[in-house]
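The values are calculated or read from the model by the stated rules, or taken from the named source; none is laboratory data. Please read these numbers as outputs of a predicted model, since none were measured by experiment. Cβ placement follows ideal geometry from the backbone for every residue including glycine, while neighbour counts extend to all protein chains displayed.
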Amino acid sequence: MNPHRLPLLLFVACGVTAAFAAAPSRPNILVIIADDLGYGELSCQGNPQIPTPHIDSLAKHGVRFTGGYVSGPYCSPTRAGLLTGRYQQRFGHEFNPGPAEQAVENFGLPLTETTLPQRLKAAGYATGMFGKWHLGYRPEFHPMQRGFDEYFGFLGGAHSYLDAEADPANPILRGTTRVTKIDYTTEEFAREAVSFIERKRGTPWFCYLPFNAVHAPLQAPAKYEQRFASIADPKRRTFAGMLSAMDDAIGTVLAKLAELKQEENTLIFFISDNGGPTPSTTSANGPLRGFKTQTWEGGIRVPWLVQWKGRIPAGRVDDRPVIQLDVLPTALAAAGVAVPGDAKLDGVNLLPFLTGEKSGAPHAALYWRFGKQLAIRMGDWKLVKGAGPDLAAESPGHPTAAGAELYNLKNDIGEKTNLAATEPEKFRELAVAWTKWDGELIDPQWTPQRAPGAAKGKNKK
């Protein structure tokens, strides 16, 4: 070898090594879920009563989708869709199961479905979950059998925030071991997430942080309620404390990312699993009609934030309709994980829409079926059969568009003016599209089980 070429080769080799060292690593993925948080409750969504600065920071440094949806109007179905990227009605996960001690034996996210943590774990990600599962009680449905390396939380739909042993059929678990003492679940789940992020700092990680806040029961330590002494209604005061506690907890997690200098290498999503059950907890849905368990906007349109500092725009408000099914394909695209051709995802990779590489709407239409209720949003138009005297029951049904109502959401976000009679062609267009989609679905694999004589809506889910 020519000795005069050696320095040049060493320079080139070092340059290549430096380039690889400087190349961004695969991003961490953080998915934060609020439980029963209404569309109108965050400061960034227009609520002046309860400051939420840490959650708002995600909107400040990222994108806030004002047309963000979930594919089910309550807990378990939404989570099934989130972790699979598919409409949960395609695999029969249409309803909650009822309380743990009453749930049907086959309740659980079907083992035929591949989850987001399974896909990321196979790609070398560390995976941890801290919070509410609500996707199966049997051992084969446990989070650590569905792709998570670590788990701390509870398997059911609701739990005491203060008493680990309040529900023997639905205990707090570390892995598969029962936990006998907790402080406050909102703080506990954040601490567990922070510990995971700290310990996994040397590898790409996926952290799933589904709080039980602000779901009933309404429980908050005095230090949080005292922040809202001016609120006279005790139910609302406790709710405000719970939301403030969750905001603090999220702030703790975000502070750890900043400390570890991982903010620009972490893709963060924040959503609620459904709209607020206002009569139950005061969680309000702003200008939207309806509540949790309804296919009106108040049941399915939710706070929807995404942040990836340095990679997507900061402070943008985007009114294009998106849905929680988009989280999986977006996360996989960010991680460089190819989606198999037979995955049959319904979600869309939002990254090119966030960066401006693609314009237009990510979805031609969004769809809902919830027992006898239905909805479809296509552009600004929505066809809906929301809750009513014969539609509220959580029972299987094969609804048709007959008798549905039609709204232009751009002009009528509150679904007040039914245009079905004056826009028959638009009605027919949406009805045909929804009927075609419904024909691709299967029947629900279970319906909520309730104790004999239990008051409707009072079950622990």
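Provide a single number: the residues in the range 378-431 that are part of a loop (DSSP other than H, G, I, E, B), without any contact (Cβ under 8 Å) to a residue 24 or more places away in the chain and within 23 Å of GLY275 (Cα to Cα).
Summing the residues that are part of a loop (DSSP other than H, G, I, E, B), without any contact (Cβ under 8 Å) to a residue 24 or more places away in the chain and within 23 Å of GLY275 (Cα to Cα) in the range 378-431 gives 9.
Before we move on, is PHE291 aromatic (Phe, Trp, Tyr) and out of contact with any Gly (no Cβ under 7 Å at 6 or more places or on another chain)?
no
Could you check ALA393 against (1) over 30 Å from THR330 (Cα atoms); (2) among the small types (Gly, Ala, Ser); (3) modelled with pLDDT of 95 or more and say which number it fails?
(3)
Can you name every residue in the range 34-57 that is of a type in the set (A, V, I, L, M, F, W, C) and surrounded by fewer than 24 Cβ atoms within 10 Å (Cβ to Cβ)?
Result: CYS44, ILE50.
Would you be able to tell me the number of residues in the range 96-141 that are surrounded by fewer than 16 Cβ atoms within 10 Å (Cβ to Cβ), more than 27 Å from GLY341 (Cα to Cα) and not polar (S, T, N, Q)?
5
Answer with yes or no whether ASP318 is within 22 Å of PHE91 (Cα to Cα), crowded, with 18+ Cβ neighbours inside 10 Å and among the acidic types (Asp, Glu).
Criteria not met by ASP318.
For the range 308-326, name all the residues that are more than 15 Å from PHE353 (Cβ to Cβ) and within 15 Å of the chain's Cα centre (by Cα). Steps first, please.
Start the filter on the range 308-326 by keeping residues that are more than 15 Å from PHE353 (Cβ to Cβ), which leaves 309-310, 314-315, 324.
Scanning the range 308-326 gives a single hit, GLN324.
Determine whether LYS344 is basic (Lys, Arg), closer than 26 Å to THR447 by Cα and touching a Lys or Arg at 6+ places or on another chain (Cβ under 8 Å).
Details: basic (Lys, Arg): yes; closer than 26 Å to THR447 by Cα: yes; touching a Lys or Arg at 6+ places or on another chain (Cβ under 8 Å): yes.
So LYS344 fits the description; yes.
Looking at the range 164-175, I want the residues that are not assigned by TED's automatic domain parsing to the domain that holds GLU101 and have a partner that is buried (at least 18 other Cβ atoms within 10 Å of the Cβ) with Cβ atoms under 9 Å, at least 6 apart or on another chain. Which pairs are those?
No pair meets every condition.
What tally of residues in the range 347-376 results from selecting those that are closer than 16 Å to ASP443 by Cβ and part of a loop (DSSP other than H, G, I, E, B)?
2
Limited to the range 331-380, what total is found for residues that are farther than 20 Å from ASN28 by Cβ, surrounded by fewer than 17 Cβ atoms within 10 Å (Cβ to Cβ) and not aliphatic (A, V, I, L, M)?
Adding up the residues that qualify gives 12.
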